[in-house]
Amino acid sequence: MKQGAAMRMRLRGMIRKESLQVLRDPSSIAIAFVMPLVLLLLFGYGVSLDARYVRIALVVEQADANTAGFTGAFAHSDYFVPQLYNNIQQAEQALMEHRVDGIVWLRNDFSARLLTGGAAPIGVFVNGVDANQSRITKGYIQGVWQVWLAGYAREQGQEPAEPVALEPRVWFNAALRSRDFLVPGLIAVIMTLTGAMLTSMVVAREWERGTMEALMVTPIRIWEITLGKLLPYFVLGMGGMLLSVAMALWLFEVPLRGSFWLLAGSSALFMLVALGMGLLISTVARSQFVAGQIALVATFLPAFILSGFIFQIGSMPEPVRVITHIVPARYFVAILQTLFMAGDIWPVIAANSAALFVMMLLFLGLVRRKARKRLD
Amino acid sequence: MKQALRRILALAVKELLAVLKDRKSRIILVVPPLLQLFVFGYAASFDLNDIPVAIYNEDRGAASRELVARIVGSPHFHLHSHLDQDGQVAALIDTREVLIVLHLGERFSSALYSGDTAPVQVIIDGRNSNTALLVQGYLRDIVTEFNLQWSRRNGRPPPLAMLQVRPWFNSNLVSRWFIVPGIVGLLALVVTTIVTALSVAREREAGTFDQLLVTPMRPVEILIGKSFPGLLIGLLQGSFILLMAVYWFEVPFRGSLGGLYIGMILFILSAVGIGLMISSLAVTQQQGMLGAFLFLVPAVILSGFATPIANMPEAVQWLTCINPLRYFLVILRGVFLEGSSSAILLPYYWPMGVIALVTLSLAGWMFRHRMN
Amino acid sequence: MHAEMAPLPALAIDGVSKCFVAGDKRITALSETSLQVQAGKISGLIGPDGAGKTTLMRLTAGLLLPDSGQIRVLGVDAVSDPLQVQSAVGYMPQRFGLYEDLSVQENLDLYADLQGVPKAERPARYRELMQMTALAPFTRRLAGRLSGGMKQKLGLACTLVRTPRLLLLDEPTVGVDPVSRRELWAIITRLVRQQGVSVLLSTAYLNEAERCDDVILMQEGRMLGHDSPKSYSESMRGRTFHISSSALARRSLQNRVSALQGIIDAVIENEKVRVVTSRAEMPAIASAVPEATDIRIEPAEPVFEDAFVARLKSTAAVTGAWLPPGHVVAAAAGPVIQVTDVQRRFGDFYAVRDVSFSVQRGEVFGLLGANGAGKSTTFRMLCGLLPASAGELRVAGRDLRRAAADARSRLGYMAQHFSLYVNLTVLENLNFFARAYGLDRSRRKRRIAWALEAFELADHAGIDSGDLSLGYKQRLAMAAALLHEPDILFLDEPTSGVDPLARREFWQRINALAESGVTVLVTTHFMDEADYCDRLLIMAEGEVLAQGTPAEMKAHFRSEALPAPTMEDAFIGLIERHAQNKGVAA
């Protein structure tokens, strides 16, 4: 028989075997479909940065029409659940006991100073423990204050006194829904884990069950084993990817402004990177337990923290910023957030895809170098 | 009774030896937590520094230059470039070269001097909505400060009412002060759960479990012996990270150490209970690992570690009530930053106590049940 | 083949060495080994643990690189051209990796694809293989749901899907019951005789050596001999004897004889004790055993095993006074183990059905059966690891249902696979088990000192038990099981995978224990070990097939064709008769 025909036969045999195993063994299906489903649901609903219903204590020491106008502005805001107090001690106690997240304090001379035009002070205390949330809360309070101030001045027939006013225009996500950027990022994080888990576990399984030794003494070449494993799990991984994208579009209602085919293409590229990473792990670890551990630690955590999915890479310390360059999810997060929210912006997609391509070559090349048909 | 105690002690010592003597498991106990501590401590921060900003200033006046200098001079921002036409904006934002573009129109200075309001257009990349929100906050602070000084210098009336914002407990709003104390709880939970969840499965796999069962040890004794290493290692690791938080990351520690440790012991006991429940079900280490993972991921996400529980849907918020980490995080941050005393933390102690009691007794029941 | 051409050896190994580095230790698996395997023959590779058998196989298959030396397989260099070697040899590793989630047919298809068997040739080949292995009715069954023996046969079939010119088999019969073992051998023999395949196989069963054409004897990475089994045994002529005496039980006799000077080996064989001496002369034992008045000594036909033992072992006796003086288990009133109508169901499936037997104090009681016969289940129930669905189990006079913990404190247990803590040292293991059995401080000290000395573990006390050799592991496991001086000892296939020398030593210890009154319950796949038992219980499909002494069992199968049936003959006969009866009933 000719070389080529024998090779095709071996490859077909491997692929058929892997596919049958995928169908029989629920664990790879679970990794490819159930894990993304559960994680996406969990993160999609559990992780939100939109501060809503901030419990705020409004301390009004002397109530009158002016204070009523001010507190009314809070009551009308979507972001606040105001609670009225008439002395600051009670409000401070509430803040200490976590019953409120912040205090807005109108002292008894508030109206008097307002009328005499003398910069009436409004005390604002927020619980600063969660710095991010307190910043957002502070921003909301400032927003309410500005709206109220402009309205009050108009009522009094005065010109707004502000010398400089900011006119923010937020592109791509005018409503500032955190889900719109979290969900595409999550897909990148989850797919990193899924891809790496799929291949690392299945090769380790062959070692553990002793099938690798029997496989190795057949005339099969090492790259045929690799390819035979890569293809079925690529299909499986892309299935999981499709499921995640569908959930993003229809369950979490994230807009997709870029083209679907570009999304599919870059996803395929990324899936190869993730699978390659798994294969690399499996050449090191020969038990499923160890392989699973490494896949978890080496992919999930970096993808979560260092990919820019939630924490801005540019704001990290220099050494950490350097490390993020070897986290493949970083590039995919950039592609996904751009494709979903901004559209087909070629410079972003091309640069990041090129980086992914290099990573793919790197991982598969390392696998090629590391994997040998030898036991020692 | 004395014999039972001797047997339990023997098992506890053996368990500890088994975990600590293995080089691999020693490494697993030390390296990933350290790595996570540093990655979280340094990288997991919402604070923004060096945000690339492009300035499109059509105004030639000194006022606009002053405002721009204030913005660019702040540590939060970093000047990327000056633009000279409108068409350049889109490309810079699209490609993520800059996060914001500030546009000051031709009439900026003249409006300012004539007592009108001078607008500054801010174009923000909203792909990360949280960042977009925070950037606006930073800018607003700078502009408010600028406005105050401008009014004072040029005799314009001040705004009728002024906000005087004072964050409590964390006056500079440093994210790290929020994240690092949380890591104490996070890592203690992970290590305790994994150590206990795998302890029985490891013996089942190695075949040593039968050998253990044919000794006169009763199931309850085995269970108690097995809970020791998790408890001890969890406490040790928690204490180590506590020290790192105070001395390396320099997070202020304002409350009572005793109050913190009451919480930590209750917390780790509930983690041990959960770990043992997983242990009694898992036949292989892989199943144990999977079980631990299935518990840990939601437990961490739904704890308020990175994102607040208050932002979650109501049903999910109810679910968090059975999560021990949720309570311990409040205790940690309370003791670290708010200076909480154990009295004020009482509402967070007792739910963990209940969880510990329920999980430990359930584990005992499941263990005995499975033996027969 | 042309007569004038010297036939090319199937395998030529020349000056091959191979070391492994484990941690900071360097283990020499093979040192400067040279050997040739003749084409068209079965060559057996035999030697104790750590002899280098598996390493040799893997080197031959091109899976390992030698540190030095040359390996030529069928004339091809295995170092430079492993792929070509791999397309000409068939290799069945010790644990053949069947894909358990694929069916029998799918496994065969996979290996046919990998081996490049043309589609057209497959149906005929499959038919042949299925007939050979008797797996034809099970082609659609998942490999994971086959019995141990069937898995082994399927592994062989997968290896043979393209007839290899050289077949490498690494312990193909380990852990396989005697019936399946016999079938595997029939397949291998036929391959060699009919198709001219060369076979190199390693085995731990010494009686299998006799079926090989050539035997390569190895120890610690060196070759000790390479000859036909016949020449090995012939070299022992005049040094083997049968000793018997009606006045002394065979076990006592064996115990006494083995301690004598000049005796290398003494084992029980049928009703006699088989002895190998260091020189070719009649042993002078009458004076050493005065109470055996009618002692009879007659020459015995030498077998391969005698040569094996003689070459690898210098002395027969376990050194030192092994049991502490005065160690005698008090006499018991009734039977020590009493099993009455015990059943165990898993769902609808009866793993054990209506089993009854009893064991007296000081008896060695054997539990035998094919894989899946229910002996492990019975065993686990007796140890209190598994509750019975029905019936009564009494151990040391206690009902296991009510006083399990109490009963457990009276018994010692040795599991099938080494089941102590591998990352604890020998001493830490002993310490733990002493405490787990509630020994107080002074007794603990005394017993651990005894264990270290009696099992010659003192030099290894600080070594992690996982790093011990298999023989030492087994000693440690036994020491741990004996720390609390149990009245009853449960041994679950204690010698599976252990080399023949360690097995001998082990049984000597068991015999001494039984002599002192300890009751021993043991399961085994080795039929010669079944012979060592006082009484046996043979099970199949959860039921008792036969119960009695080894002599009684064998007597059932004595015929003209088979004047001296062995235990293996008796066992296989019982299983076959059972299968026939089932067939008739169905």
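The values are calculated or read from the model by the stated rules, or taken from the named source; none is laboratory data. Nothing here was measured: the structure is a model prediction, and the numbers come from that model. Glycine also receives a Cβ, built like all others from the backbone with ideal geometry; neighbour counts cover every protein chain displayed. Side chains included, ligands, DNA and RNA excluded: accessible areas come from the protein's heavy atoms. Shrake-Rupley method; radii C 1.70, N 1.55, O 1.52, S 1.80 Å.
Observations
- Residue, farthest from the other protein chains (Cβ to nearest Cβ), within the range B:199-226, restricted to residues that are touching a residue at least 60 places away in the same chain (Cβ under 8 Å) and polar (S, T, N, Q): B:S199
For (1) part of a helix (DSSP H, G or I); (2) assigned by TED's automatic domain parsing to the domain that holds A:S267; (3) over 21 Å from A:L296 (Cα atoms); (4) open to solvent by 30 Å² or more (accessible area, probe 1.4 Å), each residue gets a yes or a no:
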residue	(1), (2), (3), (4)
A:F309	no, yes, no, no
A:T324	yes, yes, no, no
A:A334	yes, yes, yes, no
A:L356	yes, yes, no, no
A:M360	yes, yes, no, no
A:F363	yes, yes, no, no
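- Residue, modelled with the lowest pLDDT, within the range A:281-307, restricted to residues that are in a helix (DSSP H, G or I) and among the hydroxyl-bearing types (S, T, Y): A:T283
- Note on the range C:432-455: among residues that are of a type outside the set (A, V, I, L, M) and open to solvent by less than 50 Å² (accessible area, probe 1.4 Å), the one that is nearest to B:L20 (Cα to Cα) is C:F432.
- Exactly one residue out of C:A112, C:A136, C:A143 is more than 30 Å from C:L312 (Cβ to Cβ), among the aliphatic types (A, V, I, L, M), more than 10 Å from chain A (Cβ to nearest Cβ) and out of contact with any strand residue (DSSP E or B) (no Cβ under 9 Å at 6 or more places or on another chain): that is C:A136.
- Yes/no for A:R55 being in contact with a strand residue (DSSP E or B) (Cβ under 9 Å, 6 or more places away or on another chain), among the charged types (D, E, K, R), under 25 Å from B:F46 (Cβ atoms) and in a strand (DSSP E or B): yes
- Residues satisfying the stated conditions in the range B:79-136, i.e. in a loop (DSSP other than H, G, I, E, B) and in contact with a His (Cβ under 6 Å, 6 or more places away or on another chain): B:V98
Listed here are the residues, each with its yes/no results for (1) more than 21 Å from the chain's Cα centre (by Cα); (2) crowded, with 21+ Cβ neighbours inside 10 Å; (3) modelled with pLDDT under 90.
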{"position": "C:F506", "(1), (2), (3)": "no, yes, yes"}
{"position": "C:H525", "(1), (2), (3)": "no, yes, yes"}
{"position": "C:C533", "(1), (2), (3)": "no, yes, no"}
{"position": "C:L537", "(1), (2), (3)": "no, yes, no"}
{"position": "C:A540", "(1), (2), (3)": "no, yes, yes"}
{"position": "C:H556", "(1), (2), (3)": "yes, no, yes"}
{"position": "C:P563", "(1), (2), (3)": "yes, no, yes"}
{"position": "C:E568", "(1), (2), (3)": "no, no, yes"}
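- Scanning the range B:10-23 for residues that are open to solvent by 20 Å² or more (accessible area, probe 1.4 Å) and in contact (Cβ under 8 Å) with a residue 40 or more places away in the chain returns a single hit, B:L16.
- Residue within the range C:423-430 that is open to solvent by less than 20 Å² (accessible area, probe 1.4 Å), without any contact (Cβ under 8 Å) to a residue 24 or more places away in the chain and under 17 Å from B:L11 (Cβ atoms) present: no
- When A:F43, A:F33 are checked against the criterion of being open to solvent by 50 Å² or more (accessible area, probe 1.4 Å), closer than 29 Å to B:T307 by Cα and in contact (Cβ under 8 Å) with a residue 60 or more places away in the chain, a single residue qualifies: A:F33.
- Given (1) within 9 Å of another protein chain (Cβ to nearest Cβ); (2) within 18 Å of the chain's Cα centre (by Cα), index of the condition A:I345 fails: (2)
- Condition broken by B:S151, with the remaining ones in (1) more than 20 Å from the chain's Cα centre (by Cα); (2) more than 13 Å from chain A (Cβ to nearest Cβ); (3) hydroxyl-bearing (S, T, Y); (4) assigned to a helix (DSSP H, G or I) satisfied: (2)
- Test: residue in the range B:106-122 that is closer than 15 Å to A:W171 by Cβ and either modelled with pLDDT of 95 or more or open to solvent by less than 10 Å² (accessible area, probe 1.4 Å) (or both): yes
- Of the residues C:D459, C:D464, C:D440, the single one that is under 21 Å from C:A502 (Cα atoms) and within 10 Å of chain B (Cβ to nearest Cβ) is C:D464.
- Taken over the range C:390-422, the criterion of being under 23 Å from B:A4 (Cα atoms), at the interface with chain B (Cβ under 10 Å from one of its Cβ atoms) and either open to solvent by 70 Å² or more (accessible area, probe 1.4 Å) or in a helix (DSSP H, G or I) (or both) is satisfied by C:A404, C:A405, C:D406, C:A407, C:R408, C:R410.
- Candidates C:D170, C:D113, filtered to the one that is touching a Pro at 6+ places or on another chain (Cβ under 7 Å), open to solvent by less than 50 Å² (accessible area, probe 1.4 Å) and either in the same structural domain as C:M567 (by TED's automatic domain parsing) or modelled with pLDDT of 90 or more (or both): C:D170
- In the range B:36-59, the count of residues that are assigned to a strand (DSSP E or B), of a type outside the set (D, E, K, R) and within 11 Å of another protein chain (Cβ to nearest Cβ) is one or more.
- For the residues B:S361, B:S280, B:S342, the requirement of being surrounded by 17 or more Cβ atoms within 10 Å (Cβ to Cβ), more than 10 Å from every other protein chain (Cβ to nearest Cβ) and within 30 Å of C:L386 (Cα to Cα) singles out B:S280.
- Yes/no for A:L230 being at the interface with another protein chain (Cβ under 8 Å from one of its Cβ atoms) and either at pLDDT 85 or above or closer than 28 Å to A:L39 by Cβ (or both): no
- Single unsatisfied condition, B:R166 versus (1) within 11 Å of another protein chain (Cβ to nearest Cβ); (2) open to solvent by 10 Å² or more (accessible area, probe 1.4 Å); (3) part of a helix (DSSP H, G or I); (4) over 12 Å from B:L37 (Cβ atoms): (3)
- Within the range B:229-276, restricting attention to residues that are of a type in the set (S, T, N, Q) and in contact with a helix residue (DSSP H, G or I) (Cβ under 6 Å, 6 or more places away or on another chain), the residue that is least open to solvent (accessible area, probe 1.4 Å) is B:S270.
- Counting only helices (runs of 4 or more DSSP H) that fall entirely inside the range C:40-146 and contain at least 2 residues that are touching a helix residue (DSSP H, G or I) at 6+ places or on another chain (Cβ under 9 Å), of a type outside the set (D, E, K, R) and within 19 Å of C:P172 (Cβ to Cβ), the qualifying elements are C:104-114, C:122-133.
- Residue list for the range C:188-204, filter: at pLDDT 90 or above and either under 16 Å from C:V85 (Cα atoms) or open to solvent by less than 40 Å² (accessible area, probe 1.4 Å) (or both): C:I188, C:V192, C:V197, C:S198, C:V199, C:L200, C:L201, C:S202
- Those residues of the range A:58-106 which are open to solvent by less than 50 Å² (accessible area, probe 1.4 Å), within 13 Å of another protein chain (Cβ to nearest Cβ) and in a strand (DSSP E or B), in sequence order: A:F80, A:G102, A:I103, A:V104, A:W105, A:L106
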